[in-house]
């Protein structure tokens, strides 16, 4: 059952890619991420003048011979990373036909990412959230942990309204040390709330990536005639002449996406636009390195 | 100004206004419901659009409603009217009836009538309706009401002179009834006519709405016409007796009349007194003509040309000859056995172009009977076996023999020699005063059957009819008086009493002529193939092979195909010679002539009504149609609606 949300083919195609953080992390196991703890890794980073307390074995004697001054070699170390995948399971994520819902897409994307992260030796935690419902799996490493993640993802059903602040706080509480957050959501909430949440994460010196999951209907608004729409979370109803409103709607949703991108940019957050007709591979590759 | 509708029934269509309103209400409720995550964007998008959409919907609803209303109004023909006193310039509804009967062909009466009609149209006040109709209906379109003067004048130009007349009273009433749909209060029929008498059943035909315009301007019309042609055969010649009538109050001198038969033409001059007629015979040798043939009698033209010629057809039926055999001739013809019979047949022959020969018993024994069609034997005492055989052959060949008895008749001789053709057996004489009773027979009309009781019989032969005979008239004591028997292709009638008044008063009663005429007609029409007709008569076309390949060609050369299964031809609107053709070959011709009654231009005295004085002091509605403006409104609204939708959909 779990395999249905894990896109193995995509995962295999992305096998040669690595998901890295842009900044250094304090890892405690050897991994692919740059560590703040220099000197352990064989990778040369920089030189600095020798100070009292520096290890003598790190003095670059060649440079001393050339400049007649003592320089100490600095090395980078690569450490593992802790990830937290936050997946929006509010009612709005249930939009779509049968299995082509936004939540299903988010599950597939999260499952595949978790699988790849675990494969590269990172530890992965999962947090499913809606306004009043937060389900959290603390981070663990090891490939076998994917089963737990998949089972939990499978159990997510769309319900409730979207609330991002509470889950972020909970995740921050759980990830007191260095970590990278991946938020998969349609972000159909106030932009201010999103911005506030991102700032919270950034203040905690954690990396954030947003996967903005939308249904093509929400982007193109390809409806005909007069339709009565009911909001999936608030149950607010509105009758619109789709033909006359389409242009304005497209403009509004476009503005929203652009503003969300800007907020991400301002908060050093990677933004990935992920309509559900975009392949998981194309979405994930945007936060991957070769 | 008030508004009215000329076709108010169409206003029912205003109910259609409910359609856009219902559609609008339904669209406001929306039939499609859908859950959607990004409703907040819809709400924010709709902010100004909602108001915009509502305004758009309402404006479109109003526009579409207006379009429907205007379309309905266009059909309902709105017209504004005001009340106005009746004046010369008051709009009215006028039916102009142009007399196109034959008599209107006199001089330039018809063209003057057309001009007068055009003048009437020109003088119609604004807002008037008019209808143009010929007095003699033709096959053109039905008269229609219109305000368009150009169109009305076009109709006037299309009216053609007819060669006949109609029932004027009924026709004018019909046309007036067509005016009832017209909106104007004042409705008038203007009859432009020469007031010729024909066609008027009621000379007192006076109506408040009828205005008669005498196009002849009261002038007396002098006219002559070829009123009759009669064909006779005498001594190997064909004699065409032409009668020319003078219908004027002045005498006509030396009127040239030409009779043509084939290539031959004979000219004669007629002197005819005022309101008199004159007949002359034109003798053509039979050798020179090929039968059947046709010809015409034509006089010098007067102002009414169409009746100055009369066409005729010569065919075998013109050989209808009657033989009267007088068994008891006297020097004083009034005492002869056949005096009454001959007078009756002479009268009948005037109508049917028949030829009568009267001979005595001796001549009869040597007579060739085959040239006759009808033979009357009156009190014939001597019958030879040869003549008996000839009489039998005569009957076999379709001839009719009528036998009157008398004191010279020997019953035994008749019963023996004429056994094969007699309708029964002659018995003894009976003397008794008897009256006659009609038998249940459809040969004689009801009128004859009623009058037959006036006949008194003093003496008659008792007669025992054979079973295949029909007793047509019998006496009050059930003795047969007139018996008929069919023999071969012909028939034999026997009266059991005399043809003169010696044994009965039959010849001097009013029944005698009709009975003899009936017997004559039965023979005449059985043998006759009619070839001469009057205008508008229906001709029963004789079909030799099949109807489908038969055509009739009128004098103008126009071809008419007969409809399947109905060999009747009723397009006899032109005088002249008509040809019947089957499979491209001429089978026979027939002549169509105008009714000579039309040649008499005597006028009636319908008074001309200058105007309808009864309405002069009152108020009338003056209508002005405005539906055209509504039609333009519809077009403008359609354009506006399309433009509005285009603007709002952007």
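Could you please find all residues in region B:326-376 being farther than 27 Å from residue B:487 by Cα and within 34 Å of the chain's Cα centre (by Cα)?
Result: B:343, B:347, B:350, B:351.
Would you be able to tell me the number of residues in region A:233-269 that are in contact (Cβ under 8 Å) with a residue 60 or more places away in the chain and crowded, with 17+ Cβ neighbours inside 10 Å?
Qualifying residue count for the region: 7.
Determine whether residue B:457 is more than 21 Å from residue B:393 (Cα to Cα) and either surrounded by 14 or more Cβ atoms within 10 Å (Cβ to Cβ) or in contact (Cβ under 8 Å) with a residue 40 or more places away in the chain (or both).
Here the answer is yes, as residue B:457 does meet what is asked.
On the given criteria, is residue A:165 surrounded by fewer than 21 Cβ atoms within 10 Å (Cβ to Cβ), out of contact with any helix residue (DSSP H, G or I) (no Cβ under 8 Å at 6 or more places or on another chain) and away from chain B (no Cβ under 14 Å)?
no
Among the residues of region B:201-225 satisfying the criterion of being in contact with a helix residue (DSSP H, G or I) (Cβ under 7 Å, 6 or more places away or on another chain) and at pLDDT 75 or above, which is nearest to residue B:602 (Cα to Cα)?
The extreme case among them is B:223.
Among A:27, A:31, A:39, which is on the phi > 0 side of the Ramachandran plot and either buried (at least 21 other Cβ atoms within 10 Å of the Cβ) or at pLDDT below 75 (or both)?
A:39
So which strands (runs of 3 or more DSSP E) stay within region B:27-120 end to end and still have 2 or more residues that are modelled with pLDDT of 80 or more and buried (at least 22 other Cβ atoms within 10 Å of the Cβ)?
It comes to B:93-98.
Of the residues in region B:365-404, how many are touching a residue at least 24 places away in the same chain (Cβ under 8 Å) and within 19 Å of residue B:355 (Cβ to Cβ)?
18
If the requirement is being closer than 27 Å to residue A:181 by Cβ and within 12 Å of chain B (Cβ to nearest Cβ), which of these qualifies: A:194, A:257, A:263?
Exactly one of A:194, A:257, A:263 is closer than 27 Å to residue A:181 by Cβ and within 12 Å of chain B (Cβ to nearest Cβ), namely A:257.
Quick check on my filter: what residues within region A:203-252 are facing chain B (nearest Cβ under 7 Å) and part of a loop (DSSP other than H, G, I, E, B)?
A:225, A:232, A:236
Residue A:273 fails exactly one of the following numbered conditions: (1) crowded, with 19+ Cβ neighbours inside 10 Å; (2) in a strand (DSSP E or B); (3) touching a residue at least 40 places away in the same chain (Cβ under 8 Å). What is the number of that condition?
Among (1) crowded, with 19+ Cβ neighbours inside 10 Å; (2) in a strand (DSSP E or B); (3) touching a residue at least 40 places away in the same chain (Cβ under 8 Å), the lone unmet condition for residue A:273 is (1).
For region A:138-179, which residues satisfy the criterion of being within 18 Å of residue A:4 (Cα to Cα), assigned to a loop (DSSP other than H, G, I, E, B) and either modelled with pLDDT under 90 or touching a strand residue (DSSP E or B) at 6+ places or on another chain (Cβ under 8 Å) (or both)?
Answer for region A:138-179, where residues must be within 18 Å of residue A:4 (Cα to Cα), assigned to a loop (DSSP other than H, G, I, E, B) and either modelled with pLDDT under 90 or touching a strand residue (DSSP E or B) at 6+ places or on another chain (Cβ under 8 Å) (or both): A:143, A:144, A:156, A:158.
The values are calculated or read from the model by the stated rules, or taken from the named source; none is laboratory data. If you're wondering where the values come from, they're calculated on a predicted model, not measured in any experiment. For neighbour counting, all protein chains shown are included, and Cβ atoms are generated from backbone atoms with ideal geometry for every residue, glycine included.
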